[in-house]
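Worksheet for the structure shown next.
Quick note: the coordinates plus some simple rules give every number you see, no bench work behind them. Remember, it's a predicted structure, so these values are computed and weren't measured experimentally. Here the Cβ is made from the backbone with ideal geometry for all residues, glycine too, and neighbour counts use every protein chain on show.
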Amino acid sequence: MIRKLNRKDHHVVFSFLKQEPSLNLFIIGDIEAFGYEQEFQELWGDFDEDGALRAVLLRFYDSYIPYAPGEFDIEGFAKIMRNTAHPVRLSGKTDLVAAFEPLLPLGKKRVTYFCECNEITFPEVESRYEIKQATINDVDRIIALRSRIAEFSVLPSSRDMLVKSLETNTGRTYYIEENGRMVSSVSTTAENTLSAMVVGVCTDPNDRQKGYASEIMKRVIQDYIRSGKTLCLFYDNPSAGRIYKRLGFSDIGMWTMYG
């Protein structure tokens with residue numbers, strides 16, 4: 001049976017999601033930040049005949065994330081998602097969301113590696129560079145840096161999302177500047193009580209091969225691991241993956257995004 005979830009379900013939902021906390025960091029983060037009763041966010045649960053929760057579906061604006069460790073009512077979740085804009089923006093564990101491909105009009109598909117870091121594996125020495133943590137006053141400089149990166153797609157909503165993450169403490173940005181100019185930065189998003197996602201790892205094309213991003217990543221890892229949180233990230237570039245693994249990340253699965 002599928003029904004809408006609410007605050008009364010919170011304990012059951014969190015116990016369920018914490019089976020795989022890293023893979024569920026987006027759902028956990030959105031629940032902690034915004035709860036169950038927002039116009040832009042809804043959650044549904046699929047319960048078995050004994051009343052045990054076996055699957056969760058999150059809608060955040062026009063995007064959906066399902067989670068289920070086993071069998072669930074795939075058609076029931078698909079029916080909910082058919083009532084939204086087409087193509088459906090869907091993301092989740094690759095083997096899970098693949099089951100929706102015959103059932104939904106989905107957008108462009110992108111598959112990435114999903115990895116996590118939950119311990120500091122490198123020698124903790126003082127960085128060669130001064131690494132600063134950004135505030136709201138740095139948002140425009142961060143967006144300007146990202147706009148200089150050919151691989152990045154800076155959307156009109158990017159600034160608003162960055163501001164929102166800083167204001168709600170669901171994300172941080174660390175950066176290095178040279179002569180007053182921001183040259184490299186690393187951000188996190190979807191931060192919750194258990195974990196956070198690393199995003200926006202970038203260095204100005206004119207300032208690469210100096211180890212800026214790696215130094216910032218070390219600071220990010222230290223800050224989060226010391227606070228008892230796991231760091232996660234996506235990557236699809238094998239060379240980038242090797243760098244992350246040298247810093248202590250390890251693959252835990254594949255993640256697919258349609259949109």
A convex hull over the alpha carbons of the range 2-107 yields, per residue, a volume in Å³ of 97
Descending packing, highest mean Cβ count within 10 Å first, for 213-219, 58-64 is 213-219, 58-64
proj_area_mean for the chain (convex hull on C-alpha atoms), units nm², value 14.2
Along the range 64-73, Karplus-curve 3J(HN,Hα) (6.51, -1.76, 1.60; θ = phi - 60°) to the nearest Hz, with x for Gly and Pro, reads 10, 9, x, 9, 7, x, x, 5, 7, 7
Taking 0.36 nm per residue of separation between ASP50 and THR135 and subtracting their Cα-Cα distance, the length gained on full extension comes to 25.7 nm
One finds, for GLN38 and ARG226 with R0 = 22 angstrom and r their Cβ-Cβ distance, a FRET efficiency to the nearest 0.05 of 0.10
Within the set SER22, SER184, SER127, GNM on the chain using Cα springs under 10 Å gives the largest fluctuation to SER127
Once the in-chain neighbours fewer than 8 apart are removed, the aspartates and glutamates whose Cα is under 16 Å from LYS108 read ASP62, ASP236
With the 8 Å Cα cutoff and a minimum separation of six or more residues, the range 2-107 has a relative contact order in percent of 21
Cross-link reach from LYS132 to aspartates and glutamates, straight Cα distance under 20 Å and at least 8 residues apart if same chain, gives GLU124, ASP140, GLU167, GLU177, GLU178, GLU191, ASP204, ASP207, GLU215, ASP223
Contact order relative to length for the range 41-154, counting C-alpha pairs under 8 Å separated by 6 or more residues, stands in percent at 15
Counting every C-alpha pair in the range 125-259, the percent lying more than 27 Å apart is 15
For LYS245, counting only lysines whose alpha-carbon sits under 16 Å away and dropping same-chain residues fewer than eight positions off, the answer is LYS218
Computed over the range 154-217, the relative contact order (Cα-Cα under 8 Å, seq sep at least six) in percent reads 25
Checking ASN24, ASN237, ASN118 against a Gaussian network model of the chain (alpha-carbon springs below 10 Å), the top fluctuating residue turns out to be ASN237
Amide H proximity to GLY92 below 5 Å, modelled H, separation 5+ or other chain, gives THR256
